[in-house]
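Comments concern the structure below.
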Amino acid sequence: MISKISKLPIMDKEFLKSWFSDLDNVIECIPSAIKSDNTLIIELNPGIFKKRLKLNYYTKIDKNFFQFNFINDENTLRIYIILDDEPFFRVYYEGAYEKNFGKIADEINKNIKERLSLDYIGYKNRMENIMLSDKLKGVSFITKIVAKSKLLLEKDVCTTDLVSTIEEIISSIFPQPAVLYITGYGDGVFRLVFINGEFRGIYINYEGKESYSEDDLKNLKGKFKVSVYSANLGDVLSN
């Protein structure tokens, strides 16, 4: 029997619940594993003497508990997730291939920690983008940015390709400030925020429709007065 227990690297329970609710995230952390219908195939001893272990799988999910079961008549692999005050997980195996699963359990342990940490970075960035995009609608937030920013550029543009116009404006600004705020109004309204060179928020109002999606920027056409501002990071992200 093999049993390995480790702390999860993330404390955010809502993110953890969402991440572990997707079985594919867990399966991708099991080395040499392939999902086929309701069967998981794990390749043991890659090379000439390789063997494929076929396991049926099912899950048990409670409020703060996940149990992923991969079993056949001779083998049981279970991964437990417990989301208490200090979330942790356990990798358990019992069966005919304990010699192989000692290493596999270590890799599952490492992969879960690494994948969680990387995905959480992306998750936090997306959440921050959503929050900034939502703030860009508000007059008080816009007033605060403009009041604490330096005007870098102001120009009238008439374009059928606003995305390319904005890209040209950004490329003309060097060095890039910590915060770049671009706003335009005329035949529509758009507001963009870039932080450390990365796109972090958008608000669009065009033809009476509001949007927070960068994909909709390509639909804007016409005449706009475009203003570009630079700001300090703390001035934008502070409450």
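The values are calculated or read from the model by the stated rules, or taken from the named source; none is laboratory data. Just so we're clear, the structure is a prediction, and the values are computed from it rather than from any experiment. Note that we place each Cβ from the backbone using ideal geometry, even for glycine, and neighbour counts take in every protein chain shown. The area values use the complete protein model at the heavy-atom level, side chains included, leaving out ligands, DNA and RNA. Shrake-Rupley method; radii C 1.70, N 1.55, O 1.52, S 1.80 Å.
Can you list the aspartates and glutamates whose alpha carbon sits under 12 Å from that of K51, skipping same-chain ones fewer than 8 residues off?
E43
Quick one: what are the phi-derived ³J(HN,Hα) couplings along region 6-11, Karplus 6.51/-1.76/1.60 with θ = phi - 60°, whole Hz, x for glycine and proline?
Couplings: 9, 6, 6, x, 10, 9 Hz.
Tell me, what HN-Hα J-couplings in whole Hz come from the Karplus equation 6.51 cos²θ - 1.76 cosθ + 1.60 at θ = phi - 60° for each residue of region 85-90, using x for Gly and Pro?
4, 10, x, 8, 9, 10
With N set to the number of residues, divide the alpha-carbon radius of gyration of region 30-139 by 2.2 N^0.38 Å and report two decimals.
Numbers: Rg = 18.6 Å, N = 110, 2.2 N^0.38 = 13.1 Å.
After normalising by residue count via 2.2 N^0.38 Å, the value is 1.42.
Would you tell me the accessible area of I71, worked out with a 1.4 angstrom probe on the heavy atoms of the protein chains, in Å² to the nearest 10?
Rounded to the nearest 10, the figure is 50 Å².
From the gyration tensor of the Cα coordinates in region 95-154, what semi-axes in whole Å does the equivalent ellipsoid have, largest first, with each one equal to sqrt(5λ)?
Values: eigenvalues 501, 25, 8 Å².
After diagonalising the Cα gyration tensor, the semi-axes are 50, 11, 6 Å.
Cβ under 15 Å from S140's Cβ, S140 left aside: what net charge do those residues give with Lys, Arg +1 and Asp, Glu -1? All intermediate terms of the calculation are to be shown ahead of the outcome.
Working: positive: K135, K137, K144, K148, R191; negative: D134, D235.
Result for the local shell: +3.
Using bins 5 angstrom wide from zero, how does P(r) for region 3-58 break down, in % of all Cα pairs?
All Cα pairs considered, the percentages come to 4, 15, 19, 22, 17, 13, 6, 3, 1.
Counting only helical runs of four or more DSSP H residues, what would the 222 nm mean residue ellipticity of the chain come to if each run contributes -39,500 (n - 2.57) and the total is spread over all its residues? Present the calculation step by step, with values, prior to reporting the outcome.
Details: 6 runs with 75 residues, N = 239.
Result for the chain, helices only: -10000 deg cm²/dmol.
Evaluate E = 1/(1 + (r/R0)^6) for L153 and K124, where r is the Cβ-Cβ distance and R0 equals 35 Å; express this FRET efficiency to the nearest 0.05. Provide the component values of the computation, followed by the final result.
Numbers: r = 31 Å, r/R0 = 0.88.
Given R0 = 35 Å and the Cβ-Cβ separation, E is 0.70.
Could you list the trypsin sites (Lys or Arg not before Pro) in region 1-85 that lie in coil according to DSSP, counting only those with at most 10 other Cβ atoms within 10 Å of their Cβ?
On the way: sites: K4, K7, K13, K17, K35, K50, K51, R52, K54, K60, K63, R78; in loops: K50, K63.
Sites meeting the loop and neighbour criteria: K50, K63.
Working from the pairwise distances between different alpha carbons, so that the mean of 1/r is found and then inverted, what is the chain's Kirkwood radius in Å? Intermediate results must be reported in sequence, preceding the final value.
Working: mean 1/r = 0.0465 Å⁻¹.
Answer for the chain: a Kirkwood hydrodynamic radius of 21.5 Å.
What's the extension gain from Y57 to F88 if we count 0.36 nm per residue and subtract their Cα-Cα distance?
Numbers: separation 31, 0.36 × 31 = 11.16 nm, distance 2.14 nm.
Using 0.36 nm per residue and subtracting the Cα-Cα distance, I get 9.0 nm.
When every alpha-carbon pair in region 161-239 is counted, what percent end up more than 23 Å apart?
Working: 587 of 3081 pairs.
When all Cα pairs of region 161-239 are counted, 19 percent exceed 23 Å.
So what's the gap between the Cα centers of region 27-45 and region 1-18, to the nearest angstrom?
A separation of 20 Å, based on Cα centres.
Run through region 109-207 and list the GluC sites (Glu not before Pro) located in a DSSP loop whose Cβ has at most 12 other Cβ atoms within 10 Å.
Working: sites: E114, E128, E154, E167, E168, E198, E207; in loops: E207.
Sites meeting the loop and neighbour criteria: E207.
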